Amino acid sequence: MANEKIEFDEKCKSCRGTGLYIGMAERDGAAVVCHTCKGTGCHHFVYEYEEFENRIEDQRVKRVYQVNPGIIIGKDKGRYKLSDFGGISYNNWISGKPFGKGTENRLFTCPAWWYQSADHDKKPNWPECIILGSFSRCVHFAEKDKCWDKWDRENK
């Protein structure tokens, strides 16, 4: 697999081609030499990449999750399994199986918390959702299984 390169000269974005930078600290007609183009007004852009051929499998991965809403995912000395956090097996993901009902992290998140990251269009906008700084502070968070039941009824 050969490396590819894109290379060209462009007008420097930092100084807009002037070679001089005027920022917050430069006042009353003062300017400094642009650090990006070194005063030339021209930035030489170089991007090297490997051409994509196919997705590479990663044997370290056992389970795949649609998103992570900010919770540590992993086994906890026999207390939790990877499946406790939702998701699908790596083999199912590789074969193209979609994330569906039950693949959410229902043990540790509520529907509003999960879908804020997973699919904002599906995030419930219920009047009883009282989020005081974080989802886990909602008065209903301890009974989030009821919120998931409601979400399931509304989203067949």
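Looking only at segment 81-123, residues that are exposed (fewer than 15 other Cβ atoms within 10 Å of the Cβ) and of a type in the set (F, W, Y) come to 0 in all. Scanning segment 59-69 for residues that are surrounded by 11 or more Cβ atoms within 10 Å (Cβ to Cβ) and not β-branched (V, I, T) gives K62, R63, Y65, Q66, N68, P69. In segment 49-64, the residues that are closer than 21 Å to I88 by Cβ reach residues that are assigned to a strand (DSSP E or B) and not hydrophobic (A, V, I, L, M, F, W, C) with C-beta atoms within less than 8 angstrom, at least six apart or across chains, in these pairs: K62/S89; R63/S89; V64/S89.
Only a single item in (1) under 29 Å from the mean Cα position of the chain (by Cα); (2) at pLDDT 95 or above; (3) outside any strand (DSSP E or B) is not met by Y47, and it is number (3). Here V46 meets each of (1) of a type in the set (A, V, I, L, M); (2) exposed (fewer than 13 other Cβ atoms within 10 Å of the Cβ); (3) under 26 Å from Q116 (Cβ atoms) with one exception, condition (3).
The values are calculated or read from the model by the stated rules, or taken from the named source; none is laboratory data. It should be emphasised that the depicted structure is a prediction, and the values quoted were computed from it without experimental measurement. So basically every Cβ, Gly included, is an ideal-geometry build from the backbone, and we count neighbours across all protein chains shown.
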